[in-house]
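Undergrad: Quick one: the structure is below, questions incoming.
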Amino acid sequence: MRKILVLDTTLRDGEQVPGAKLNLYEKLEIAAQLKNLNVDIIEAGFPASSAGDFKAVEEIAKKIGDKVMITALARAVKSDIDAVYHSVKHAQKPLIHIVLGTSDVHVEKKLRKTREQILEQGVEAVKYAKTLCPNVQYSTEDASRSDFDYLWETIEAVVKAGATMINIPDTVGYAVPEEFGELVRRINERLKNLNPDVLLSVHCHNDTGLATANTLAAIKNGADKVECTINGIGERAGNAALEEVVMGLFLRKDYYQATTGIVTTEIKKTSRLVSALMGLDVQVNKAITGDNAFAHSSGIHQDGLLKSRDAYEVIHPEDVGVEDMEIILTARSGRHAVKNALAQVGFTNYTPEEFEQIFARFLELADAKKEVYNHDLYHIVQSTVRRDHFNGSAVDKLYELADMQVIINNNFPSASVKIKKGDEILASSNMGDGAVDALYTAIREATGVHLRLLEYKLNSVSRGKEALGRVSIKVKNGSGKVYTSKAVDTDILKASALAFVNAVNMAVVDDIVSKQDQVV
Ligand code: KIV
Ligand code: ZN
């Protein structure tokens, strides 16, 4: 089985996303996580672009570059190559990455030179870089729109000048998988004849959504190395997403006969970190790292999964560091999923007529609320069948937001909450770093349930004055279990509070269930 090297360019191509600029500490944090993910090469930046970028690459090379290879980008000019060398040289395995166009549009229109002049500039750049560092990668920018003979002439010349890796970029996302695979196959055949030690790499952009497909086609046709970013972020429509390429190989090793050294269980954590630090939300249906990538909401699928997970699950969530698959109870869920959820909260002893009553009430609630949580099932059972099915008072253990008040000011944002638990009203007032923090501290104190906030997201789900804000949060309890909950309201602070109370109820349900073997 071939091992494919993975270069991560989240900190260079990924950071080119408008508004995603990171500070030094954030870059170091991401680089450290990329090392945990076990990428082979980190492209840490473009040091000639600013003193800040130089410093960031230098620090990453010093602090993270003990095992993982560190590179940074240079145009084919001495000053850029010097900047890369002086920033990456602290790493155990530094690599200089030089880029220069090979398509006519780049050579003639962008660079305004002749093919011969550009070829000579590239060769000189590689010769110079080789005087500084043994590892040099040469990227033939816009390779997929280049004339093949000139592209090969360039590759041959820069390999003879000392390049140790040749990177074939589909710079503008022009390639299609069959054609790109064929291009890689032709280049690889000649390259391995010329010098079998030189690695062939690809770098694909996602302008028509084909970056992952093109990257995988290149692997199938002999590429030794791939360049990717976390969550597929990058210039314009982004780059090939690391998680998609890696899990594509993981799932279909039989077909690709190739694998990577990526620690796949670190994927979700890396995705969350990049998304949080760069402020770039991951599309919910994004392959592998989207929130819904392992969530099932259709009744037909839920029924199939409950009979056999492999009916609708080809990658296990645990393989990418996601806690578990989610069966989301919505109006589309069928009887099988609802029975399964009832069993999860310990309620199995009902007559067929009682179940039909529960199911009808469930559908009413699902139409109104969109998503139904396990703790809602207690209320459904209580209001339809009989409360004593739950060994007394499970419903009395659940919390309900009765009232809240938030004061926002520059110094001491504070919040007061009243929470209903059975017949009791629990009250607490607290301060925080901001309104939401104050609110969550007050809810924690009122309920006595301590959940640590891992992720907070606020989205608008409609427009205008009456716009609904949807808050989704991820929290963790003391034993490390993660809960995801949501709430919608026109008042975003109320939606924030409701989402937290939902999460508290999830933790309470887990506690009740773990304490009762079987509730009759
Ligand atoms: O897209 C591109 O061509 C690049 C090169 C620098 C590899 O990012
Ligand atoms: Zn790129």
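The values are calculated or read from the model by the stated rules, or taken from the named source; none is laboratory data. Source: prediction; values computed, not measured. Neighbour counts run over all protein chains shown; Cβ positions are idealised from the backbone, glycine included. Areas reflect the complete protein model, heavy atoms only, side chains present, ligands, DNA and RNA absent. Shrake-Rupley method; radii C 1.70, N 1.55, O 1.52, S 1.80 Å.
Undergrad: Select from region 32-58 the residues that are open to solvent by 20 Å² or more (accessible area, probe 1.4 Å) and away from ligand 2 (no atom under 16 Å from the Cβ) and list them in ascending order. If you could, list the steps in order and put the result at the bottom.
TA: Residues of region 32-58 that are open to solvent by 20 Å² or more (accessible area, probe 1.4 Å), as a first pass: 32, 35-36, 38, 40, 46, 48-52, 54-55, 58.
Selection gives 32, 35, 36, 38, 40, 48, 50, 51, 52, 54, 55, 58.
Undergrad: Let me ask something else about it. Of the conditions (1) open to solvent by less than 10 Å² (accessible area, probe 1.4 Å); (2) more than 16 Å from ligand 1 (Cβ to nearest atom); (3) among the β-branched types (Val, Ile, Thr), residue 176 clears all except one; give me its number.
TA: (1)
Undergrad: Looking at region 337-360, can you tell me whether even one residue there is surrounded by fewer than 14 Cβ atoms within 10 Å (Cβ to Cβ), closer than 30 Å to residue 251 by Cα and not small (Gly, Ala, Ser)?
TA: There is no residue in region 337-360 that is surrounded by fewer than 14 Cβ atoms within 10 Å (Cβ to Cβ), closer than 30 Å to residue 251 by Cα and not small (Gly, Ala, Ser).
Undergrad: Oh, and also: Which residue, of 188, 221, 206, is assigned by TED's automatic domain parsing to the domain that holds residue 134, more than 16 Å from ligand 2 (Cβ to nearest atom) and out of contact with any strand residue (DSSP E or B) (no Cβ under 6 Å at 6 or more places or on another chain)?
TA: Details: 188 fails: out of contact with any strand residue (DSSP E or B) (no Cβ under 6 Å at 6 or more places or on another chain); 206 fails: more than 16 Å from ligand 2 (Cβ to nearest atom).
Answer to the check: 221.
Undergrad: Collect the residues in region 55-93 that are in contact with a Ser or Thr (Cβ under 7 Å, 6 or more places away or on another chain) and under 24 Å from residue 169 (Cα atoms), keeping them in residue-number order.
TA: Here is the first cut: in region 55-93, the residues in contact with a Ser or Thr (Cβ under 7 Å, 6 or more places away or on another chain) are 57-58, 61, 72, 88.
Correct list: 57, 72, 88.
Undergrad: Take the residues in region 2-31 that are of a type in the set (Gly, Ala, Ser) and in contact with a Leu (Cβ under 7 Å, 6 or more places away or on another chain); name whichever of them is nearest to ligand 2 (Cβ to nearest atom). Quick ask: steps written out before the conclusion?
TA: Initially, region 2-31 is screened for residues of a type in the set (Gly, Ala, Ser), giving 14, 19-20, 31.
Next, from what is left, pick out any that are in contact with a Leu (Cβ under 7 Å, 6 or more places away or on another chain): 20, 31.
Values: 20: 14, 31: 19 Å.
Selected residue: 20.
Undergrad: Could I ask something else about it? Sort through 56, 44, 51 and tell me the only one that's within 20 Å of the chain's Cα centre (by Cα) and of a type in the set (A, V, I, L, M, F, W, C).
TA: Working: 56 fails: within 20 Å of the chain's Cα centre (by Cα); 51 fails: within 20 Å of the chain's Cα centre (by Cα).
Unique residue meeting the criteria: 44.
Undergrad: Let me ask something additional. Any residue at all in region 486-493 that's among the aliphatic types (A, V, I, L, M), part of a loop (DSSP other than H, G, I, E, B), out of contact with any Asp or Glu (no Cβ under 7 Å at 6 or more places or on another chain) and open to solvent by less than 20 Å² (accessible area, probe 1.4 Å)? Write out each step before concluding.
TA: Taking region 486-493 and keeping what is among the aliphatic types (A, V, I, L, M), we get 487-488, 492-493.
Now narrow it down to the ones that are part of a loop (DSSP other than H, G, I, E, B): none.
Checked against the condition, which is being among the aliphatic types (A, V, I, L, M), part of a loop (DSSP other than H, G, I, E, B), out of contact with any Asp or Glu (no Cβ under 7 Å at 6 or more places or on another chain) and open to solvent by less than 20 Å² (accessible area, probe 1.4 Å), region 486-493 yields no hits at all.
Undergrad: Could I ask something else about it? Enumerate the pairs (first residue in region 312-333 and farther than 16 Å from residue 289 by Cβ; second residue anywhere and open to solvent by 80 Å² or more (accessible area, probe 1.4 Å) and outside any loop (DSSP other than H, G, I, E, B)) with beta-carbon separation below 7 Å, excluding pairs fewer than 6 apart on the same chain, so at least 6 apart or on different chains.
TA: Close Cβ pairs satisfying both conditions: 331/367.
Undergrad: Which of the residues belonging to region 7-30 are within 16 Å of ligand 1 (Cβ to nearest atom) and either in a helix (DSSP H, G or I) or within 16 Å of residue 139 (Cβ to Cβ) (or both)?
TA: 7, 8, 9, 12, 13, 14, 15, 16
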